[in-house]
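K.L.:
Could you have a look at this structure, given as structure tokens, before my questions?
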Amino acid sequence: MKAKTTRYGTAPEWLGSEKYVNFAHTISDTDPTVQRDDRKIALSGSIIKVNGVCAGLLFDDVDVTDGAAPGALMREGFYVAERLPVAPTPAEIDELATAGVKPRYLD
């Protein structure tokens, strides 16, 4: 697996606190993605599922055009649900909270 760093614009600020825990995770090209400049990108803030269960949030954009790629998965911390690229369902919010990733809501 090759690793490379390319910035595809500024990611929206969806972090709900300055304290969080990330773990290395292989991001599949079947995870939620968007097309940008002929590249397949998994967006920062995307919900990543493992065996059908929400495991955490993708911390940075990851290019998966050439197949699976390494990424950082947020496993503990807070997020602002309104700022994620795709709004989580109530079931996904519960699964993320069980995994240690909890929502913060804007006032």
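K.L.:
Do you know which residues across region 37-75 are basic (Lys, Arg) and under 21 Å from Ala87 (Cα atoms)? Full working, then the answer.
P.N.:
Just the residues of region 37-75 that are basic (Lys, Arg), to begin with: 39-40, 49, 75.
Lys40, Lys49, Arg75, listed by residue number.
K.L.:
Please specify each residue of region 87-107 satisfying the condition of being under 13 Å from Lys49 (Cβ atoms) and either surrounded by 12 or more Cβ atoms within 10 Å (Cβ to Cβ) or touching an Asp or Glu at 6+ places or on another chain (Cβ under 8 Å) (or both).
P.N.:
Pro88, Glu92, Glu95, Leu96, Ala99, Val101
K.L.:
Follow-up. With the requirement that a residue be in a loop (DSSP other than H, G, I, E, B), under 19 Å from Leu15 (Cα atoms) and either open to solvent by 60 Å² or more (accessible area, probe 1.4 Å) or among the hydrophobic types (A, V, I, L, M, F, W, C) (or both), what does region 33-74 give you?
P.N.:
Selection gives Leu43, Phe59, Asp60.
The values are calculated or read from the model by the stated rules, or taken from the named source; none is laboratory data. Please read these numbers as outputs of a predicted model, since none were measured by experiment. FYI the Cβ positions are ideal-geometry reconstructions off the backbone, even for glycines, and counts take in every protein chain you see. Side chains are part of the model used for accessible areas, which takes the heavy atoms of the whole protein and leaves out ligands, DNA and RNA. Shrake-Rupley method; radii C 1.70, N 1.55, O 1.52, S 1.80 Å.
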